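Reviewing the structure listed below.
Please treat every number below as a calculation from the coordinates, not as lab data. These figures come from a predicted structure and were not determined experimentally. Cβ: placed from backbone, ideal geometry, glycine included. Neighbour counts: every protein chain shown.
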Amino acid sequence: MEKSKRIGGRPPHKPNQARRQIVEFLAGAAISQAEICAVLGIDRKTLRRHYRRELDRVAARVETELVGDLLRIAGGNDGTALKAVIFALRSCFGWSEFAPPRARKMLFKVDDHIYR
């Protein structure tokens, strides 16, 4: 059976190093994926399909920088430090002043005795 050839439509997207650098730069500058797509002239699905590695790498780098800044601020001794610590505990560890504390996971249970 022969492979059917495309008739009409856009040609398939071919990422290159320059476009990959553009995606990394724009994503690192907190530009939305919709705006990155507009710059490159591609659809969001195409962006995620061909540039997933770049988007993930930039997201990890930005998150690491933010955590570093948060820890630096939390190390202070003023009101901003307290707010930073509270924010970190709420967002990273699920702390809430309204919700009851999370139950600890049990490791195993033998004869109605819980071992942790």
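In region 17-95, a dipole from Cβ-located charges (positive for Lys and Arg, negative for Asp and Glu) runs towards its positive end, and of Ser91, Val23, Leu70 it is Val23 whose Cα lies farthest in that direction. Maximal additional length on extending the Arg57-Arg90 stretch stands at 9.4 nm, based on 0.36 nm per residue less the C-alpha distance. Site pair Asp78 and Arg48 shows an inter-label distance of 4.2 nm when each label is modelled 7 Å from Cα along Cα→Cβ. Computed about the Cα centre, the dipole magnitude for region 17-95 is approximately 400 debye when only Lys and Arg (+1) and Asp and Glu (-1) carry charge, each at its Cβ.
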